[in-house]
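Here the structure comes first, spelled out in structure tokens, and everything after it is commentary.
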Amino acid sequence: MLPLSTVRRAPMQTAALDRTRRRLAQVFMAQHALSPEDAINFSTTTAADEKIFARMVRTGIVRDAGRKRYYLDLAAYDANIERRRRIGVIAAIAFAVTLAVFTMAFYVDGSSIILR
């Protein structure tokens, strides 16, 4: 698996990338291109789609079956979704703990100021 990207993206940009990734995966699912025997000829129409598609091939979500025929590796696709979900949960927990620590710190400091 490739290392996580060090490029930070805005939430809207990340959501747009996720939508494109899902849309490209749905093309393969709709045509039942889920194994090398069922691989389809595939080409993208936009530069943005090409970039996402190339990343999907690099990470193993989409596999090359030869002669410009590709198929979706459903196990790799599901693992990628689960990895993204885990990262989101870890980030949410870290944010919640940090917020709780800051809230408690300011609550304790603020109450001592009020009591004086």
Quiz prompt | Qualifying position, being charged (D, E, K, R), in a helix (DSSP H, G or I) and modelled with pLDDT of 90 or more, among Arg21, Arg84 | solution = Arg21
Practice problem: Would you mind telling me which numbered condition in (1) modelled with pLDDT under 90; (2) among the aliphatic types (A, V, I, L, M); (3) open to solvent by 90 Å² or more (accessible area, probe 1.4 Å) Leu99 fails? | Solution: (1)
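Quick one: would you say Met29 is of a type outside the set (S, T, N, Q), surrounded by fewer than 16 Cβ atoms within 10 Å (Cβ to Cβ), out of contact with any helix residue (DSSP H, G or I) (no Cβ under 6 Å at 6 or more places or on another chain) and within 16 Å of Ala76 (Cβ to Cβ)?
Working: of a type outside the set (S, T, N, Q): yes; surrounded by fewer than 16 Cβ atoms within 10 Å (Cβ to Cβ): yes; out of contact with any helix residue (DSSP H, G or I) (no Cβ under 6 Å at 6 or more places or on another chain): yes; within 16 Å of Ala76 (Cβ to Cβ): yes.
Yes: the conditions hold for Met29.
Could you pull out the residue among Tyr77, Tyr71 that is open to solvent by less than 50 Å² (accessible area, probe 1.4 Å) and in contact with a Pro (Cβ under 8 Å, 6 or more places away or on another chain)? Can you show your working first?
Working: Tyr77 fails: in contact with a Pro (Cβ under 8 Å, 6 or more places away or on another chain).
The conditions single out Tyr71.
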Quiz prompt | the range 43-63, residues that are open to solvent by 70 Å² or more (accessible area, probe 1.4 Å) and in contact with a Phe, Trp or Tyr (Cβ under 6 Å, 6 or more places away or on another chain) | solution = Arg63
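The values are calculated or read from the model by the stated rules, or taken from the named source; none is laboratory data. Bear in mind the structure is a predicted one, so any value in this text is a computation, not a measurement. No Cβ is skipped: glycine too gets one built from the backbone with ideal geometry, and neighbour counts run over all protein chains shown. Remember, those area values only see protein heavy atoms, side chains included, never the ligands or the DNA or RNA. Shrake-Rupley method; radii C 1.70, N 1.55, O 1.52, S 1.80 Å.
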